[in-house]
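Worksheet: the structure to be examined is printed underneath.
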Amino acid sequence: MILTTQREIQVWTYLKANRKRLRPVVEARCRNDGRLLAAVYPLRDEFWVWHLGERYSPEQWRVEVEIMTEDLVLEAEPPTRGDGDASRPSDAPVDNSARNSPDGMFQIHDPVDAYKTHTLEQILTAYPAGAHSSCIKCRSTYVIDYLTISYVTGEYIVNRSQKRNIFYPAHVSCCSDRSHDCNEHLTAERPWNIPWPAGA
């Protein structure tokens, strides 16, 4: 995540320090075990979304490495090493940082307008687009759809809800079929975005 404005830096710093004691108005949760994937926080007169980053399982990571290196042509073969001369000491730490995307955030612009100008049917049938977020327990990855989270936040504001709105976002399925151009797709679950009513 790249912070481009002073306000984004302020919000990121504030959420990092205070998020666990703040009360979100909307939550996106894992379909499998209900763990938190993303949350909407009201700051001043703005609404900001915090979300988990995308995390790959070991199998997903192997697939990603294969895809990234399949066209790589080595100019020279590395020298052969003896069994006693490993390229890396066995006790050296393994760098897994590239497997995990850091948590992210984005601002919701005019959620009331999103709620008033869209029908529930439009939200339920729209193809989700947004940040990817992975459950820390089951590692399933979901789409934190920009329009859906704006709509659910707008519903919270307009109806003056007393309880936070909870929804279950669209699930991303890693495509293992290499015979077509499909890096990732969504499962055929319906509704894609929210089992209504969202209040919980």
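Say we look at the range 152-192 and pick out the residues that are modelled with pLDDT of 60 or more and assigned to a loop (DSSP other than H, G, I, E, B); which of these is farthest from T125 (Cα to Cα)?
Here the residue is Q162.
Can you tell me which residues in the range 103-132 are within 14 Å of V26 (Cβ to Cβ) and small (G, A, S)?
Those that are within 14 Å of V26 (Cβ to Cβ) and small (G, A, S): A114, G130.
Mind checking which residues of the range 8-45 are closer than 25 Å to V158 by Cα, surrounded by 11 or more Cβ atoms within 10 Å (Cβ to Cβ) and of a type outside the set (A, V, I, L, M)?
R19, P24, E27, R29, Y41, P42
Given the criterion within 18 Å of the chain's Cα centre (by Cα), modelled with pLDDT under 90 and closer than 21 Å to R19 by Cβ, identify the matching residue among P102, P128.
Residue meeting the stated conditions: P102.
From the list V26, V73, V63, which residue is modelled with pLDDT under 90, among the aliphatic types (A, V, I, L, M) and under 23 Å from K137 (Cα atoms)?
Criteria check complete, one pass: V63.
Search the range 112-133 for residues that are without any contact (Cβ under 8 Å) to a residue 60 or more places away in the chain and part of a strand (DSSP E or B) and pair each with any residue that is of a type in the set (S, T, Y) and surrounded by fewer than 19 Cβ atoms within 10 Å (Cβ to Cβ) when their beta-carbon atoms are under 7 Å apart and the residues are at least 6 apart or on different chains.
Every condition considered, the pairs that remain are G130/Y146.
The values are calculated or read from the model by the stated rules, or taken from the named source; none is laboratory data. All of these numbers come straight from a predicted model, not from anything done at the bench. Every residue, glycine as well, gets a Cβ built from its backbone with ideal geometry; the counts of neighbours run over all protein chains shown.
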